[in-house]
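One structure below.
The values are calculated or read from the model by the stated rules, or taken from the named source; none is laboratory data. The model shown is predicted, which means the values in this text are computed figures rather than measured ones. We place every Cβ from the backbone using ideal geometry, glycine too, and count neighbours over all the protein chains shown.
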Amino acid sequence: MVTEQEVRESLKGVLVPEVKRSLVMLNLVRGVTISGKRVNITLASTALAEETQDWIRTETKAVVGKLPKVSEVEVEFTQVKPSELNQFGHILAVMSGKGGVGKSLIAGLTSVALKRQGYEVGILDADITGPSIPKMFGITTRPSGNDTGILPVISKSGIEIMSINLLLPSEDDAVIWRGPLISKAITQFWEDVLWGKLDYLVVDLPPGTADAALTVTQTLPISGIIITFTPQDLTTMIVRKAISMARQMDKPILGVVENMSYLYVPEIDKRIELFGKSKGEEMAKAARAPLLGQLPIDPELARLCDEGTIERYNSDAFAAMTQTLTRTLSQTMSAKAK
């Protein structure tokens with residue numbers, strides 16, 4: 001007789017068309033019962049359109065029906081809230097005290113770095129009034145779903161993304177909302193989106209320490225915060241407020257990233273500190289967390305972001321940041337597990 005493990009293993013081959021992730025990774029398999037050669041499978045219908053459910057039913061019957069000693073397969077759907085299906089290994093929030101320091105860029109690069117390490121990754125774009133994540137990843141597709149939930153949009157490398165810009169009639173439309181509506185939208189992205197099983201959910205916070213940041217830090221079980229800043233004295237002064245907020249909210253700071261740290265001119269093999277002397281070590285000391293990276297002003301990175309191909313970016317500075325980030329996460333998460 002076929003085993004439940006064999007059935008569940010076979011369901012890893014059934015991909016939900018809209019996101020190209022399996023029923024297992026989306027955590028949609030709710031039950032498997034076996035009686036002789038008959039297999040009954042219960043799946044969650046969460047965020048799945050009727051035509052998608054029909055396709056999944058047919059595909060599931062075909063895949064499981066190929067297993068030895070299986071002669072009959074029945075598939076039924078049940079309604080489940082997305083929040084009951086979502087499972088996150090770690091949730092990382094990328095934060096800054098002010099705008100214009102490349103916070104969304106660091107959120108995007110952090111996600112790309114983790115995806116390249118083989119992790120399942122998603123990005124929740126909580127910057128409701130200034131969403132730039134979809135543009136960086138070249139995503140214009142509207143999310144699909146039904147009354148029970150929404151499916152995120154998948155990037156070229158397989159990163160799940162949800163942003164308010166994907167729901168607007170035009171990406172140029174302004175979101176002119178007061179704080180409570182912004183907070184509600186962030187909460188819905190957390191509760192009503194079917195993220196499934198993710199190793200890391202990266203949250204791109206808006207600048208500052210007001211309503212949106214409070215909503216995220218109070219509602220989401222944040223594993224750690226990455227602080228982004230640039231070398232200017234004004235910026236580092238304001239970023240200290242973000243550090244202070246993280247401590248007051250009792251959220252661990254995993255590390256700090258200095259963006260626009262310098263401009264490298266290859267023709268003369270020289271680094272030019274356009275915004276002043278590096279504050280990397282100083283900010284790491286203030287945050288009592290490691291300096292994860294110092295990224296230069298890179299025209300190639302700017303070009304890739306404008307083209308929506310940030311996932312193609314490579315540089316020595318980014319590789320160094322990836323290595324430090326991976327090591328820090330491994331050490332931090334291991335310490336928590338003890």
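When V39, V94 are checked against the criterion of being outside any loop (DSSP other than H, G, I, E, B), in the same structural domain as K279 (by TED's automatic domain parsing) and either surrounded by 23 or more Cβ atoms within 10 Å (Cβ to Cβ) or among the polar types (S, T, N, Q) (or both), V94 stands alone in meeting it. Comparison of E300, E282 shows that the only residue that is modelled with pLDDT of 90 or more and either within 24 Å of K184 (Cβ to Cβ) or in contact with a helix residue (DSSP H, G or I) (Cβ under 9 Å, 6 or more places away or on another chain) (or both) is E282.
As an exercise: evaluate T235 against (1) buried (at least 19 other Cβ atoms within 10 Å of the Cβ); (2) modelled with pLDDT of 90 or more and give the number of the one condition it does not meet. Tallying (1) buried (at least 19 other Cβ atoms within 10 Å of the Cβ); (2) modelled with pLDDT of 90 or more, T235 fails exactly one: (2).
The lone criterion from (1) modelled with pLDDT of 95 or more; (2) more than 21 Å from V202 (Cα to Cα); (3) aromatic (F, W, Y) left unmet by F318 is number (2).
Against the criterion of being hydrophobic (A, V, I, L, M, F, W, C), under 22 Å from S157 (Cβ atoms) and either in a loop (DSSP other than H, G, I, E, B) or touching a Pro at 6+ places or on another chain (Cβ under 7 Å) (or both), L48 does not qualify. Look at segment 272-301: where a residue is outside the structural domain of S315 (by TED's automatic domain parsing), no partner that is modelled with pLDDT of 90 or more sits 6+ places away or on another chain with Cβ atoms under 6 Å. Scanning segment 9-18 for residues that are buried (at least 18 other Cβ atoms within 10 Å of the Cβ) and at pLDDT 95 or above, we see that the one that is farthest from S144 (Cα to Cα) is S10.
Scan segment 101-119 residue by residue and report those that are hydrophobic (A, V, I, L, M, F, W, C) and not in a loop (DSSP other than H, G, I, E, B). Correct list: L105, I106, A107, L109, V112, A113, L114. Among residues of segment 192-221 that are outside any strand (DSSP E or B), those with a beta-carbon under 7 Å from a residue that is among the hydroxyl-bearing types (S, T, Y) and at pLDDT 95 or above at least six positions away or on a different chain give the pairs L194/T46.
Residue by residue, here is whether (1) at pLDDT 95 or above; (2) surrounded by fewer than 24 Cβ atoms within 10 Å (Cβ to Cβ); (3) in contact with a Lys or Arg (Cβ under 8 Å, 6 or more places away or on another chain) holds:
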site: G100; (1), (2), (3): no, yes, no
site: T110; (1), (2), (3): yes, no, no
site: I123; (1), (2), (3): yes, no, no
site: I133; (1), (2), (3): yes, no, no
site: G138; (1), (2), (3): yes, yes, yes
site: L151; (1), (2), (3): yes, no, no
site: G158; (1), (2), (3): yes, yes, yes
